[in-house]
Structure formats: structure tokens, C-alpha cells
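K.L.:
One structure follows; several queries about it will come next.
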Amino acid sequence: IILIILALVGIGFVGYGFYKKATVNYPNPVATMIVKDYGEVKIELYPDKAPNTVANFIRLANRGFYNGLTFHRTIPDFMIQGGDINGVGSGSPKLSNIQDNVENDKEYAIKGEFIANGYTKNNLKHKKGVISMARSDYSQAGMTEQGYNSAGSQFFIMTKDTTSLDGVYAAFGEVIEGMEVIEKIEKVDVTYRSSELKEGEEAPKDKDGNALQADKPKKDVVIESISVETYGVDYGMPETMDVFDYYSWLMQQYGLGMQ
């Protein structure tokens with residue numbers, strides 16, 4: 001009889017757990033970003049729209065990946081972009097950035113959660129204040145899918161509605177406090193504006209003859225920290241993919257691959 005009672009009690013607890021998970025309305029996770037000399041920004045994330053993208057961002061943020069990185073690209077009336085480990089738009093995160101005890105550490109990417117990539121649950125528009133994942137574009141080389149699945153840690157925040165990005169980039173949240181901070185950052189002085197170059201004109205060079213990066217702030221805009229309040233919900237480990245090595249692929253096309 002005692003065993004039967006214990007079994008029934010156990011079933012009751014399990015059943016209550018499933019019931020609670022199904023009926024409790026947990027708030028969406030909220031990211032708090034502190035930008036040095038600019039202030040605080042709060043961003044609500046939407047796991048119902050882009051669950052793997054949100055899981056990846058939470059994992060990176062709460063393990064300190066973004067702390068000390070910069071916004072390396074700022075374009076007024078468009079967006080600001082940051083979260084690159086290299087600070088120039090070329091870097092990808094590594095598996096060790098999202099998990100412990102990695103035996104074979106390597107860079108990773110995540111699948112693009114947007115309509116053009118066959119993911120139909122994400123209908124977020126790229127309106128002012130929306131945060132979305134940056135990615136590469138290999139479409140001119142006929143490698144569209146590889147570009148769609150090339151996001152890692154870099155993100156951008158819209159400062160103006162831009163419908164041309166809808167459905168082809170993975171939007172996953174929206175600024176709910178501190179939009180004035182984003183607007184200050186978009187107007188910082190940069191090396192030069194990409195929009196100022198005439199067709200066929202080369203990028204300006206520094207004193208050593210190196211081409212300057214377009215739209216890069218002259219003074220680093222530093223992300224002091226990003227942390228995400230999940231309200232007790234575990235969004236799990238993101239699914240990852242190998243990073244497409246465009247340079248090696250290009251060399252192979254010219255017969256210059258490694259022998």
C-alpha cells in the first residue's frame with residue numbers, strides 16, 4: 001500500500017510539472033547590454049520566433065563572450081553592428097565559448113532562422129529597434145545556402161525600418177529600453193562612410209598604406225557586458241554547424257588547394 005501511495009504521489013508530481021510548464025506564461029528573456037560611455041540597453045528576445053538563435057545569444061552572453069567586444073560598424077539611418085571577436089567583422093565564435101570541456105575546439109555557425117532559408121516561423125520585421133544576426137553573403141559565388149547558415153556571434157540593431165532585410169536575416173528580439181543609446185552610437189565619427197565612395201573608387205588608406213574599414217568608429221565603442229535574464233527557463237545548448245571556409249573553397253576553384 002505504501003509503495004502504491006508513493007507511486008501515485010510521484011506520478012502526481014510529474015503530472016504537475018508538465019501541467020505547470022504547459023500553463024505558466026513565462027516572460028521572454030531580456031538582455032541587458034552596458035555600452036561604455038553610452039549607457040544601458042534592454043532587449044527582449046523572442047524564442048518563439050527564433051529559438052536556436054536566442055539560445056545561442058543567451059549562451060554566449062551569459063558566459064561573458066561579448067564583454068569587452070565592440071560595435072565595429074555604424075551606419076546612420078540603418079543599423080549598428082557588433083559582437084565580433086576580431087572587431088572587424090571577420091570573426092566567428094568557438095565551441096568553447098558556449099560549452100565546457102571541448103575536446104576538439106573549432107569555430108562554429110548556426111542555421112539561419114528566416115523564411116528564405118526554409119524556416120517559416122520567424123515573421124519578425126526589421127523595424128527600428130529590432131536585433132538580428134549578421135551573416136556572410138556568398139550568393140554571387142553561387143553559395144547562397146552557405147551564406148544563409150553563416151551567423152555566429154555578430155548581431156546588428158536597426159536604427160531605421162529596412163524591409164529589404166525581412167525574411168533573409170534572422171531577427172530575434174527588440175530593444176525595449178535605451179533606444180536613445182543606440183541612436184547616439186549610430187552617429188559616432190567613423191574612418192569613412194561606405195556611402196561616400198563613388199563607383200570604382202578605392203577605400204582610403206591609413207598612414208601605412210592599409211585600406212581603412214568602412215563605417216568603423218574612430219574611437220572604439222565598447223560593449224562592457226551583456227547578460228540575459230531568463231526567468232528560470234533553460235533555453236538549452238544551441239545546435240551548431242561547421243563554418244564554411246570560403247577562402248579554401250575559392251582556392252580550390254583556381255586549383256590552388258592544399259596538396
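The values are calculated or read from the model by the stated rules, or taken from the named source; none is laboratory data. This one's a predicted model, so the numbers in the text were calculated from it and none came from an experiment. Please note: Cβ atoms are built from the backbone with ideal geometry, for glycine as well, and neighbour counts cover all protein chains shown. SASA here: full protein model, heavy atoms, side chains in, ligands and nucleic acids out. Shrake-Rupley method; radii C 1.70, N 1.55, O 1.52, S 1.80 Å.
K.L.:
What part of the accessible area of the chain, given as a whole %, is carbon or sulfur when the probe is 1.4 angstrom?
P.N.:
51
K.L.:
Separate question: Classify region 101-212 as rounded, prolate or oblate, taking a ≥ b ≥ c as the square roots of the eigenvalues of its Cα gyration tensor: rounded when a/c is under 1.5, otherwise prolate if a/b is larger than b/c and oblate if not.
P.N.:
Taking the square roots of the gyration eigenvalues as a ≥ b ≥ c, region 101-212 is oblate.
K.L.:
Hey, another quick one. Roughly speaking, what % of Cα-Cα pairs in region 213-259 are separated by over 12 Å, rounded to a whole number?
P.N.:
Percent of Cα pairs beyond 12 Å in region 213-259: 80.
K.L.:
Hey, another quick one. I need the calculated FRET efficiency for the pair L250 and E229, taking r as the beta carbon distance and R₀ as 30 Å, to the nearest 0.05.
P.N.:
0.10
K.L.:
Turning to a different aspect of this structure: Keeping all protein chains in place, calculate the accessible area per residue for the chain (probe 1.4 angstrom), answer in Å². Don't skip to the end; give the middle numbers.
P.N.:
Details: 14870 Å² over 259 residues.
Computed with neighbouring chains in place, this is 57 Å² per residue.
K.L.:
What is region 134-259's relative contact order, in percent, from Cα pairs under 8 angstrom and six or more apart in sequence?
P.N.:
Numbers: 75 pairs, mean separation 21.3, N = 126.
17 percent.
K.L.:
Would you mind calculating the relative contact order of region 24-174 from Cα pairs under 8 angstrom and at least 6 residues apart, reporting the percent as a whole number?
P.N.:
Once divided by the residue count of region 24-174, the mean separation gives 25 percent.
K.L.:
Another one. Counting only DSSP beta bridges with both residues in the chain, what percent are antiparallel, rounded to the nearest 5?
P.N.:
100
K.L.:
Using 7 Å Cα-to-Cβ label points, what is the D206/N86 separation (nm, one decimal)?
P.N.:
Using points 7 Å along Cα→Cβ, the separation is 1.5 nm.
K.L.:
Regarding region 164-259, what's the average projected area of the Cα-atom convex hull, expressed in nm²?
P.N.:
Details: hull surface 49.3 nm².
Value for region 164-259: 12.3 nm².
K.L.:
Could you compute how fast the chain diffuses translationally, taking Rh as the Kirkwood radius over C-alpha pairs and applying Stokes-Einstein at 20 °C with viscosity 1.002 mPa s? Give it in µm² per second.
P.N.:
Details: Rh = 20.3 Å.
Answer, rounded: 106 µm²/s.
K.L.:
Filter K125/K216; K128/K187; K127/K160; K36/K218; K198/K218; K125/K160 down to the pairs with a C-alpha to C-alpha distance above 18 Å, please.
P.N.:
K125/K216; K198/K218
K.L.:
What shape does region 42-172 have by the C-alpha gyration tensor, where a ≥ b ≥ c are the square roots of the eigenvalues, rounded means a/c under 1.5, and otherwise prolate means a/b greater than b/c and oblate the rest?
P.N.:
rounded
K.L.:
Okay, moving on. Within 11 Å, Cβ to Cβ, of E107, how many net charges do the neighbouring residues add up to if Lys/Arg are +1 and Asp/Glu are -1?
P.N.:
-1
K.L.:
Kindly provide the helix-only [θ] at 222 nm of the chain, computed as the sum of -39,500 (n - 2.57) over DSSP H runs of four or more divided by all residues, to the nearest 500 deg cm²/dmol?
P.N.:
It comes out at -6500 deg cm²/dmol, rounded to the nearest 500.
K.L.:
Could you compute Rg(Cα) / (2.2 N^0.38 Å) for region 28-89, with N its residue count?
P.N.:
Compactness ratio reported: 1.18.
K.L.:
Sequence gap at least 6, Cα distance under 8 Å: using those rules, report the relative contact order of the chain to the nearest whole percent.
P.N.:
Rounded, it is 28 percent for the chain.
K.L.:
What does the net charge come to around I34 if you take all other residues with beta carbon closer than 15 Å to its beta carbon, with K and R at +1 and D and E at -1?
P.N.:
Net of charged neighbours comes to -4.
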